[in-house]
Amino acid sequence: MNEEPITKQEASIRLPIATLAPDPMNPRKISEEALAGLQVSLETFGELDIVFNETTKQIVSGHQRLAALKAAGATEMIRDGERCYVEHPKTKERFHVRMVAWDPVRQKLANLVANNPHLQGDFTEDAIDQLRGL
């Protein structure tokens with residue numbers, strides 16, 4: 001497998017979302033109800049991959065990602081100006097950490113939303129077959 005790294009470019013590029021083709025083998029589907037809930041989550045809390053609340057000094061979401069990075073040997077979260085990340089010690093890939101300043105109530109709500117399986121979609125019936133075919 002030949003993986004070319006994506007290089008930083010000087011000018012920004014805009015691609016219409018309508019031109020971004022979904023992977024036809026994506027093993028997850030989302031119901032209209034779950035999609036509506038996800039839309040509310042995005043509007044209310046934004047991206048919830050790895051979120052750290054500066055107010056409470058606690059992780060809001062991304063607990064398992066951070067645990068996996070720690071198990072791989074990562075020892076610190078790095079803040080470089082507005083950017084914040086955890087670097088994988090072996091691959092050197094930087095995992096973005098979103099910094100927020102939320103009160104504890106908003107943090108609790110965001111944590112509940114980030115961990116709500118009903119907003120994540122469901123595996124399609126052929127997901128296991130796709131794994132076996134790799």
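The values are calculated or read from the model by the stated rules, or taken from the named source; none is laboratory data. Just so you know, these numbers come straight off a predicted model, no measurement behind them. Using ideal geometry, Cβ is built from the backbone for each residue, glycine included, and neighbour counts are taken over all protein chains shown. These accessible areas exclude ligands, DNA and RNA; they are computed on the full protein's heavy atoms, side chains included. Shrake-Rupley method; radii C 1.70, N 1.55, O 1.52, S 1.80 Å.
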Checklist line | Candidate set: segment 88-134, residues that are among the β-branched types (Val, Ile, Thr) and under 16 Å from Ile30 (Cβ atoms); chosen: the one modelled with the lowest pLDDT | finding: Thr124
Next item on the list: Just give me the residues in segment 104-134 being among the β-branched types (Val, Ile, Thr) and out of contact with any strand residue (DSSP E or B) (no Cβ under 8 Å at 6 or more places or on another chain), in sequence order.
Entry: Val105, Val113, Ile128
Note to self: Among the residues that make up segment 42-50, is at least one of them over 16 Å from Ala101 (Cβ atoms) and either out of contact with any helix residue (DSSP H, G or I) (no Cβ under 8 Å at 6 or more places or on another chain) or of a type in the set (Ser, Thr, Tyr) (or both)?
What the structure shows: yes
Checklist line | Residue check, Met77 open to solvent by less than 100 Å² (accessible area, probe 1.4 Å), more than 14 Å from the chain's Cα centre (by Cα) and over 30 Å from Arg132 (Cα atoms) | finding: yes
Notebook entry, point to check: Here are some residues: Pro89, Pro117. Which one is exposed (fewer than 10 other Cβ atoms within 10 Å of the Cβ) and free of Cβ contacts under 8 Å to residues at least 24 places away in the same chain?
Noted result: Pro117
Check: Any idea which of (1) within 12 Å of Leu48 (Cα to Cα); (2) open to solvent by 90 Å² or more (accessible area, probe 1.4 Å) is the one Arg132 doesn't satisfy?
Finding: (1)
Notebook entry, point to check: In segment 19-60, which residue that is within 30 Å of Asp129 (Cβ to Cβ) and either among the acidic types (Asp, Glu) or modelled with pLDDT of 95 or more (or both) is least open to solvent (accessible area, probe 1.4 Å)?
Noted result: Asp49
Next item on the list: Only residues that are over 14 Å from the mean Cα position of the chain (by Cα) and under 19 Å from Gly121 (Cβ atoms): list them for segment 36-71, please.
Entry: Ala36, Gly37, Gln39, Val40, Glu43, Thr44
